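Asks: The structure under discussion is supplied below as structure tokens; questions concerning it will follow.
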Amino acid sequence: MTIKVGDKVPSATLFEMGSDGPGAVSTDEFFAGRKVVLFALPGAFTPTCSAQHVPGFVNNAEAIKAKGVDDIACLSVNDAFVMGAWGKDQGAGDKVRMLADGSADFTRAAGLEFDLSDKGLGVRSKRYAMVVEDGVVKALNLEDGGGLTISSAESILDVL
């Protein structure tokens, strides 16, 4: 079942590249007592994700945080090494945290996975953006299809 507004985000361990290598990020701790924008996409270094989705959040990070958001995070079913390299490539810096859901544990628990095995990509995350306050989903903009519309940074700014 797909997560919906009013639901608590699933408990899972994500990973983030740090100066000493990959570090665990507990979703229970990450979302607790904070307002977070989490956006997810099918894969690092893929065309729409690299050309539009991540750059939109990097470029609008200041405006998003000015609306009371504590953190912005990008999630993909990739490993922390790939997410770290992609974050550097995208200039994410301290604007957008690049979180790896390498085994799709969070993605599956949220019911937001889809299977791209026929294209050699395995299970991936659907494209979406959500606003989470103290671990509870307050807004969920889930794309219907392959485009980038309602999960864009600009759309999330409208929600905030």
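Asks: Say whether the condition of being over 18 Å from residue 7 (Cα atoms) and at pLDDT below 95 is met by at least one residue in the stretch 89-111.
Replies: no
Asks: When you look at residue 150, is it hydrophobic (A, V, I, L, M, F, W, C), without any contact (Cβ under 8 Å) to a residue 60 or more places away in the chain and closer than 23 Å to residue 31 by Cα, yes or no? Steps first, please.
Replies: Details: hydrophobic (A, V, I, L, M, F, W, C): yes; without any contact (Cβ under 8 Å) to a residue 60 or more places away in the chain: yes; closer than 23 Å to residue 31 by Cα: yes.
Considered against the rule, which asks whether it is hydrophobic (A, V, I, L, M, F, W, C), without any contact (Cβ under 8 Å) to a residue 60 or more places away in the chain and closer than 23 Å to residue 31 by Cα, residue 150 comes out as yes.
Asks: Also: Residues being surrounded by fewer than 23 Cβ atoms within 10 Å (Cβ to Cβ) and not in a loop (DSSP other than H, G, I, E, B): count how many of those fall in the stretch 108-124.
Replies: 9
The values are calculated or read from the model by the stated rules, or taken from the named source; none is laboratory data. Everything quoted here is computed from the prediction, not taken from an experiment. Every residue, glycine among them, receives a Cβ derived from its backbone with ideal geometry; neighbour counts consider all protein chains shown.
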